[in-house]
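Presented below is the structure to which this report refers.
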Amino acid sequence: MKDVFGFEAFRPGQEAAIEALLAGRNILSVMPTGSGKSLCFQVPALMLDGLTLVVSPLVALMQDQIAALRLSGVAADSINSARERAENVAAWRRVAAGETRLLYLAPERLMTERMLAALRQLPVRLIAVDEAHCISQWGPAFRPDYEALGQLRDLFPGVPIAALTATADAATRRDILDKLFDGRADSIVLGFDRPNIRLGVEEKRDWKRQLLGFLERHTGESGIVYCLSRKKCEKTAAYLVEHGFKALPYHAGMEKSERAANQKIFMDEPGVIVVATIAFGMGIDKPDVRFVFHADLPASPEAYYQEIGRAGRDGEPAKAHMLYGLDDIRMRRVFIEQEDAGDARKRREHKRLDALIGYCESPECRRRSLLTYFGEETGACGNCDICIDPPVMSDGTEQGRQILSIVHRTGQRFGAIHIIDVLRGSLSEKVTKAGHDRLPAFGLGAKSRKGDLQAMVRQLVAAGFLRLDIQGFGGLGLTEKGAALLRGEQDFRYRKPPAERTRDSLRRGRAAGKTQDPGGELSAVQEAILGSLKELRLRLAKEKGVPAYVVFSDRSLIDMARQSPRTPDDFAQVHGVGAAKLRDFAAPFLAAIEGVSSAGPEEP
């Protein structure tokens, strides 16, 4: 831990995982993003003689981990489709010669007969399956070789297997345990909370204006904007560029070289916004992502948690903001029904979507709602939009019945816009042509704000009183629960949409987003040293062709600036400095510190 990685102590969960693997037991480790999952198999890999296999879903994820290991003096390698054949052959020769300690492979590469036969001739001592939730979430429909990983326990008997992920609800954990371990593994499940990320959800109205308003409060910061479609990614990135932001698209339909170039710019340069589909993210380990903005509803709480987990990996304040509306719900239902999967999986995905909609419409602390889904109980967080600016709950029983009555009397085939037009007494061509201006409930909501009625319809859907016709064009229909409300057997309370946020609520929001640096504020000289160290880190990273954080994390640079080491022995005490980084980086970083210290203002 100290000699190679430069860390003084384990983080929660790491020691238990490492001890289990060294004792020859399998583990399923579910740990929050940024909690150091990789170390759980990297430390045992260095303590055990022989080879460790690491199964990873994305080339980018492999490359970053390998680069970081090599800078720490660890012999790590990969055989993957992004490399030339000659490079892969050379890598295999190093593996066969016993020079490589960790070999990273995609499941498709590992689970070939030829590769498995060759590896069985070698002293494989440990297998790690990174991003293990993919076993459950992808499986046979998308990446069948993830499902095939269950064969590893028979192909390599006696070799401990580690499955690691940041995102797995109880059902996913059971799935992984069953498919990969046949139920035989230690489960190490830590808390899912990421308290530094402020959570917020907003009704989708004019999404472009809402996005711009959000980004204007985050000028110069790195972030990710998630969109549902490739086309929307392209258009949104162009729109943001027009408005002065440095934005780049990223989706699976782009040329591979263009995707790689955009990702590299995002990783290496400050203040870049990537507008992406879910194709972007799993291989991204950039510490200083300050926000994740969902312009569309994610697929499930797991997907949402995974995607917002890209923010604030450095532990500093970050934001996760989501827009959603009725059309998002309909589209997600359509996607589930169109999936090439059995009825049982579709039912499970609909339930997961129900849970995410419940999170969006929660009248209480969002973090509590999200963590409850993952089986974790907590109090109010004080760092979500609900806690900061609590909503007003109102009795919507009477107006809810009026809406349901109109839905019923119009044949349960019209969408929310038409239903609201009837309730507000709009004499639109569509309303009058259908004769809906003659309905008993026509105009009963004339004094209601349109936004309130839209929120009410959306919450009637979210609460299960209304259903969306996902096969057609989003027509509304009554559920059994809705029929009970219409008959007077149920009540309905709804959350009024907030009016313009008050100056006090905005001030509370800003205050809630602040966290204290545990080491205290840096002095003027230390801030100047930190700036110089960041410039040096970026230059060295470009020379080595790796992301800046692979050279040193922000936490290491801050510790360096605070300690201002003068000698190699002092430098060795900095967080994240192991033997290899002491050897390779002490001289340039000590010189940078000395250069600023000798030129800077004297301490008060």
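The values are calculated or read from the model by the stated rules, or taken from the named source; none is laboratory data. Values in this document were obtained by computation on a predicted structure and should not be read as measured data. Neighbour counts run over all protein chains shown; Cβ positions are idealised from the backbone, glycine included.
Could you say whether any residue in the range 177-186 is assigned by TED's automatic domain parsing to the domain that holds Leu28, part of a loop (DSSP other than H, G, I, E, B), within 26 Å of Gly309 (Cβ to Cβ) and within 28 Å of the chain's Cα centre (by Cα)? Scanning the range 177-186, I find at least one residue that is assigned by TED's automatic domain parsing to the domain that holds Leu28, part of a loop (DSSP other than H, G, I, E, B), within 26 Å of Gly309 (Cβ to Cβ) and within 28 Å of the chain's Cα centre (by Cα), so the answer is yes.
Scan the range 144-173 for residues that are of a type in the set (Asp, Glu), within 18 Å of Leu119 (Cβ to Cβ) and either surrounded by 22 or more Cβ atoms within 10 Å (Cβ to Cβ) or touching a residue at least 12 places away in the same chain (Cβ under 8 Å) (or both) and the total you get is 1. In the range 462-472, the count of residues that are among the charged types (D, E, K, R), assigned to a helix (DSSP H, G or I) and outside the structural domain of Gly358 (by TED's automatic domain parsing) is zero.
The C-beta contact set for the range 257-279 (first residue in contact (Cβ under 8 Å) with a residue 60 or more places away in the chain, second residue among the charged types (D, E, K, R), distance under 9 angstrom, 6+ apart or interchain) comprises Met267/Asp64; Met267/Asp285; Met267/Lys286; Asp268/Lys542.
Filtered by the rule that a residue be surrounded by 15 or more Cβ atoms within 10 Å (Cβ to Cβ) and touching a Pro at 6+ places or on another chain (Cβ under 8 Å), the range 5-24 gives Ile18, Ala20, Leu21.
Of the residues making up the range 325-344, those that are free of Cβ contacts under 8 Å to residues at least 24 places away in the same chain and either under 22 Å from the mean Cα position of the chain (by Cα) or surrounded by 15 or more Cβ atoms within 10 Å (Cβ to Cβ) (or both) number 1. Looking at the range 518-593, the helices (runs of 4 or more DSSP H) lying wholly inside it that each contain 3 or more residues that are without any contact (Cβ under 8 Å) to a residue 60 or more places away in the chain sit at 524-544, 554-563, 568-571.
Taken together, the residues in the range 385-442 that are over 27 Å from Gly488 (Cβ atoms), in a helix (DSSP H, G or I) and of a type in the set (S, T, N, Q) amount to 1. Within the bounds of the range 77-100, is there any residue that is within 25 Å of Gly13 (Cα to Cα) and either modelled with pLDDT of 90 or more or among the acidic types (Asp, Glu) (or both)? No, the conditions are met nowhere in the range 77-100. Restricting Thr33, Thr52 to those that are among the β-branched types (Val, Ile, Thr), in a loop (DSSP other than H, G, I, E, B), in contact (Cβ under 8 Å) with a residue 60 or more places away in the chain and at negative phi reduces the list to Thr33. Restricting attention to the range 535-548 and to residues that are surrounded by fewer than 19 Cβ atoms within 10 Å (Cβ to Cβ) and under 26 Å from the mean Cα position of the chain (by Cα), the residue that is nearest to Val59 (Cα to Cα) turns out to be Gly545. Arg508 passes every criterion in (1) modelled with pLDDT under 60; (2) crowded, with 17+ Cβ neighbours inside 10 Å; (3) charged (D, E, K, R) apart from (2). Residues that are free of Cβ contacts under 8 Å to residues at least 60 places away in the same chain, under 32 Å from the mean Cα position of the chain (by Cα) and surrounded by fewer than 20 Cβ atoms within 10 Å (Cβ to Cβ) within the range 384-420 comprise just one, Pro390.
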